[in-house]
1. Could you tell me the calculated FRET efficiency between D28 and S106, based on Cβ-Cβ distance and R0 = 30 angstrom, to the nearest 0.05?
2. Within the stretch 53-129, which chymotrypsin sites (Phe, Trp or Tyr not before Pro) sit in a loop by DSSP and count at most 14 neighbouring Cβ atoms inside 10 Å?
3. Could you tell me which residue out of A31, L51, P75 lies farthest along the dipole of the stretch 11-79 toward its positive end? Charges go on the beta carbon: Lys and Arg +1, Asp and Glu -1, centred on the Cα centre.
4. Just subtract the alpha-carbon distance of D38 and R60 from 0.36 nm times their residue separation and send over the number in nm, one decimal.
5. Give, as a single signed number, the net charge of other residues whose beta carbon lies under 13 Å from the beta carbon of V93, with Lys and Arg counted +1 and Asp and Glu -1.
6. Carbon and sulfur: what percent of the stretch 41-132's accessible surface (1.4 Å probe)?
7. Report the dimensions of the stretch 35-91 along its three principal axes from the alpha-carbon atoms, largest first, rounded to Å.
8. For the stretch 52-89 and the stretch 92-113, what is the separation of their C-alpha centers, rounded to whole Å?
Amino acid sequence: MLVYPFGTVGKDGGGRGWLGRAHIPADDAPAVNGFLRDHLRPFLNFHRPCLFPSAVEGPRGRIKKRYRQQDVATPYEKLKSLDGAEDFLRPGVTFEELDRVAAATSGLQAAKTVREARRDLFRSLDPVASVA
């Protein structure tokens, strides 16, 4: 099993926006965790673009954050662009290995796979508890 160098995106790992805010029964937790681990987190980390701010000094000397088009990158691309990025990886994980994971599917195919996996997950859950 491949362990990603960064486990989550955001406070909830990106799950609440994709799964809703309803209670997840304990019996369904392994299926939900499997979806998050195998489908959603790799999609968010390797394929979903994010805006990263650039610090720009304003006319009065205040530092303001600007979100420019050239600052768009996936979290993985941003990690690779940092100085000393190898130091942030877990032992035994290399950028070559992660590059293969990122290149295995296109962003569009990864999005379709996540959407299908989410649909299958909700179909497998208890109909009373499922929200989507």
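1. Given R0 = 30 Å and the Cβ-Cβ separation, E is 0.50.
2. Y67
3. Positive-most Cα among the choices belongs to L51.
4. On the way: separation 22, 0.36 × 22 = 7.92 nm, distance 4.77 nm.
Length gained, D38 through R60: 3.2 nm.
5. -2
6. Roughly 50 percent, rounded to a whole number.
7. Projected onto its principal axes, the Cα set of the stretch 35-91 covers 47, 24, 16 Å.
8. 22
The values are calculated or read from the model by the stated rules, or taken from the named source; none is laboratory data. Remember, it's a predicted structure, so these values are computed and weren't measured experimentally. Using ideal geometry, Cβ is built from the backbone for each residue, glycine included, and neighbour counts are taken over all protein chains shown. All accessible areas refer to the heavy atoms of the entire protein, side chains included, with ligands and DNA or RNA removed. Shrake-Rupley method; radii C 1.70, N 1.55, O 1.52, S 1.80 Å.
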